[in-house]
Each structure stands twice: as structure tokens, then as C-alpha cells.
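These notes concern the structure reproduced below.
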Amino acid sequence: MTLAPTLPAEAQVQGVVGYQQLYLLDCESRSAVDWAAFFGVRIDEQDFLNNLPASDDPDEGFVGSVNGMLGQIPPLSYGVHAEPVARLLRSYGVSAYARRGATWQEVQAEIAAGRPVIAWVIYGISAGVPVAYTASNGHTTTVAAYEHTVIVVGYAPDTVTVLDGNRQYTVALERFLASWQVLETMAIFYVP
């Protein structure tokens, strides 16, 4: 029997640099290009945003306008989920994979290994309400008002440190997990 490796009680990834978003609703692109830069791949945020497919299904592409209002759900301006972002990152040469249903232990293992993780949360790492949404293609997915992305860069027993655009801050673990669970613990991981 192989025992799972023991994770350190706390870990922090150094050297992740974040910048302010260009638009109101482009957090996914901002997180993606900042995350890619950590792994040595420089991508222009506007270029990345321009190359995201458009769709009314956030699991297929960007929903709405980057200049839309905060707090809407599809088919109104919303944003994009993990899979299209990871797919586009791979096209730029970044070894990214999307995961829905990720566990906190998987995120901790990545941080302990020195690799930041992009996480889908509710803006402000706050509570949210999951909503079942069916796009015009017939696909049903979970969406939530104020969908947002952050880069997880550290953890301690009771806290999580995130990079949110150009701001780094620490929140209670319980608060982070509650916010992350709204969109089914969606994340992007790096595959070495």
C-alpha cells in the first residue's frame, strides 16, 4: 500500500506577479496571463481575450461583453469557465488543465510543489448561489452571479492567500472553500 505524501502545514509560492484587469469582466484572462507568466510564457492580456471563443455557454467560451455589468448570469455578460481558458493556454504552450470537482488537498499539493492554481470563486471571495443554466446548445452548467477568478498562491492551516489581479490578500480557509464550492470547485492546474 502506498501512503499519500504528507503536505506541509503551510506553503507559499513566491514570484507570482499580478496586474490590474483591463476590463470589468476579464478576470479569467488576467488570471490566465499572470499565471502563464509565472511558468515562463508571456501572453498579452488583450491578445488572450481576443482569442477566447465567444459563446452563450461559459463552458465553451466567453459569455457577453468584457464591459458588461458585474453580477449578471448568462446569457447576459458573465465571463468564461475553466475549460476554454485552459484550452487557450495550451495553444500558447502552457501545460494547463481544467478541473471541476477539484479538492482542497489537490490545491494544497500544487502550492506545496511551488505551482499556483487558478480558482473560480465569487467576487470578493464571498458567498454565492449556484444556478443551473442551459445554453442554446442544450448544455446545462452551473453559473453564479459575480463569478470571478483568483490565483491561489499560499495556504496555512486556517487561511488561503490569493492573488486577485494586482492585489494579494489572505482570507479564512472556510470562507475561501465556501466561495470556491459555488462553481463546483473549478480550477486550472499546471501539468509539469
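The values are calculated or read from the model by the stated rules, or taken from the named source; none is laboratory data. Note that the coordinates shown come from a computational prediction; the quantities given were computed from them, not determined experimentally. No Cβ is skipped: glycine too gets one built from the backbone with ideal geometry, and neighbour counts run over all protein chains shown. These accessible areas exclude ligands, DNA and RNA; they are computed on the full protein's heavy atoms, side chains included. Shrake-Rupley method; radii C 1.70, N 1.55, O 1.52, S 1.80 Å.
List of remarks:
- Based on protein heavy atoms only, the range 38-90 ends up with 44 Å² per residue of surface accessible to a 1.4 Å probe.
- Cα centroid separation, the range 109-131 to the range 7-84: 13 Å.
- Integer Hz, Karplus 6.51/-1.76/1.60 couplings in order for the range 106-116, x for Gly and Pro: 5, 5, 4, 4, 5, 4, 4, 7, x, 10, x
- Charged neighbours of S136, selected by a Cβ distance under 15 Å, balance to -4 (K, R count +1; D, E count -1).
- Efficiency of FRET between L76 and T6 - r from beta-carbon atoms, R0 41 angstrom, step 0.05: 0.35
- With every protein chain in place, the range 74-192: carbon and sulfur % of accessible area (1.4 Å): 53
- As a ratio to 2.2 N^0.38 Å, the alpha-carbon radius of gyration for the chain is 0.97.
- Amide H contacts under 5 Å for Q72, placed H, 5+ residues apart: Y146
- Convex hull volume of the C-alpha atoms in the range 7-86, normalised per residue: 123 Å³.
- Across the range 161-167, coupling constants 3J(HN,Hα) worked out from phi with the 6.51/-1.76/1.60 Karplus curve, θ = phi - 60°, read 10, 10, 10, 10, x, 9, 10 Hz, and Gly and Pro carry x.
- Residues Q181 and A156, FRET efficiency given R0 of 25 Å [Cβ-Cβ distance, rounded to 0.05]: 0.80
- Sum of -39500 (n - 2.57) over DSSP H runs of 4+, divided by residues of the chain (222 nm, nearest 500): -7000 deg cm²/dmol
- Rounded to the nearest Hz, the phi-derived 3J(HN,Hα) couplings of the range 23-33 under the Karplus curve 6.51 cos²θ - 1.76 cosθ + 1.60 (θ = phi - 60°) are 10, 5, 10, 10, 4, 5, 5, 4, 4, 4, 6, where x marks glycine and proline.
- Its Cα centre serving as origin, the range 1-134 has a Cβ charge dipole (Lys and Arg +1, Asp and Glu -1) of approximately 260 debye.
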